[in-house]
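All remarks here apply to the structure that follows.
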Amino acid sequence: MGLLLVVAGGSPASAASPTVNAPATTTLTTAGRTAESYTGLMNGESFQQDGIVSHRRWQYAAFWDDEGYINVSRRPTNGTWQNIRLTDYRTTTTDSHNVISIGLSHVDGSIHLSFDMHAQRFRYRKSVAGIATAPDTATWSPSIFGAVQNSLAGRDMAVMTYPQFVTMPDGNLQLTIRTGESGNGNQVLFEYRGGAWSFVGKIMDGTTLGNNAYLFGFQYDNQGLLHMTWTVRETFDASTNHDLLYAYSSDRGRTWRSGAGTLIGTADASPISTTVAAARFWTIGQNRGLINQESQTVDSAGNVHVLASHLPPSAPSDAVFTHARTSAVLVHYWREAATGQWRQRILGYQAGVSRGDIGVDSRDNLFVVSAASNTGVLQIATASRASLWSDWAVRYRSTPTFTSDPLLDHRLLKSNNIASVFAPHNGGSRIDVLNFTSAGN
């Protein structure tokens, strides 16, 4: 368990958290996929890692168009979008789980896409080398992408969901993905280097217990530690989500330790058990409206920040998940790297069935972007490192036109102090990218 801080729904009168300037808005598309399911769109879901990402002063985003084709767009930071449409593969699903995730290899400059699966056969393709490392001269056309593949490293990948890429400190790439189904799944890890994928192993076991882990994040810090947080679901019913858990790896996912340093998992040989007590940092019961896969970020000091949403302590438990979510609020959890202590602050901002995204700037200030599903209002709240993230204040609220989950470009915020937000509009056709520059701290 962590140390519970003073519950705060508002902000101090003298809040020192960063303010933001009015956004510079560009429209990524007006032909996005409009189908809605599971209260969301196929463009803009919190588990896209990543849906929008930057490298070497260029930004990349991916989306499904309404005819079911993958589009990949790029631009110089704050520049004009250049789009390519991949018409050799067409989705027929309307399932909002079937998102597109982008990975960038900083070593060979290849762009990786994984897409269109919800407990289905793996789907993946990559570009030729050099696209992301020499963007000013690289050709930007559909021909840079290879054919769709259905496996990596010769593995059977028949029942897969939630592909998440992470760039390692050495610039190479990893992919973690769930095998199996909701309430009965494992987490596995692959690694890309030297132009080829290898299988690291199964890093988390849920099928033995008949449950599965849902990751809030999978990220490296500046010291090379890999941090992973998750919640556990016991059945298909989201109301069975419970608890928050944490583990870290100092050897690129081969072995895993609890926050106290206890060895709790070895890839393939002895993967982490999803509910291992040593990893649990906050106890949250079932029927508390805890949504899976909200967000995680890691600051320059190695402090891990988790954005979750669930019922506040004063609310009674509710076994009807969609009803519980009408009273759910955003909550900030963080782990002090120096002490291993977890802390909590209840922000009180309304959540609904949408999920928010948390990111950190170059000064370790926090930014939370959210879009409460029942209002359509896109909101940015910030907190300063100087206050130990206690001075949360709402710095922007839009007109009520947005839906699904807004996505931050985490790398651009951390490197350039630009909060760049991928934001689908109601109906799904229009997707904007809003760039907020910080005006304080």
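Here are some notes:
- Residues L245, L209, ranked from the fewest to the most other C-beta atoms within 10 Å, line up as L209, L245.
- Cβ charges +1 (Lys, Arg) and -1 (Asp, Glu), total dipole of the chain, debye: 440 debye
- Other residues within the sphere of radius under 12 Å centred on the Cβ of D116, judged by their own Cβ, net out at +4 (K and R +1, D and E -1).
- Computed over neighbours whose Cβ is under 13 Å from that of S54, the net charge equals +4, Lys and Arg +1, Asp and Glu -1.
- Of the residues Y214, N287, W81, the one whose Cα sits farthest toward the positive end of the charge dipole of the chain, with +1 on the Cβ of Lys and Arg and -1 on the Cβ of Asp and Glu, is W81.
- Computed on the Cα trace of segment 218-262, the radius of gyration divided by the Kirkwood hydrodynamic radius gives Rg/Rh = 1.10.
- Placing unit charges on each Cβ (+1 for Lys and Arg, -1 for Asp and Glu) gives segment 169-246 a dipole about its Cα centre, and among L244, P169, S182 the Cα reaching farthest toward its positive end belongs to P169.
- With the biggest extent put first, the Cα atoms of the chain measure 55, 51, 40 Å across the principal axes.
- Only helical runs count toward this figure. For the chain, summing -39,500 (n - 2.57) over DSSP H runs of n ≥ 4 and dividing by all residues gives -500 deg cm²/dmol at 222 nm.
- Equivalent ellipsoid dimensions for segment 238-294 as semi-axes, Å, which come from the Cα gyration tensor, largest first: 24, 11, 10
- Gyration tensor (alpha-carbon) shape descriptor, segment 128-203, a/c threshold 1.5: prolate
- Toward the positive end of the charge dipole of the chain, with +1 on the Cβ of Lys and Arg and -1 on the Cβ of Asp and Glu, the farthest Cα among A16, A129, S354 is that of A16.
- Summed side-chain charge close to V353 - residues other than V353 whose Cβ falls under 11 Å, Lys, Arg +1, Asp, Glu -1: +1
Values quoted throughout were computed directly from the atomic coordinates according to the rules given, and no laboratory measurement underlies them. Quick caveat: nothing in here was measured; it's all calculated off a predicted structure. Neighbour counts are summed over all protein chains in view; Cβ atoms, including those assigned to glycine, are modelled from backbone coordinates with ideal geometry.
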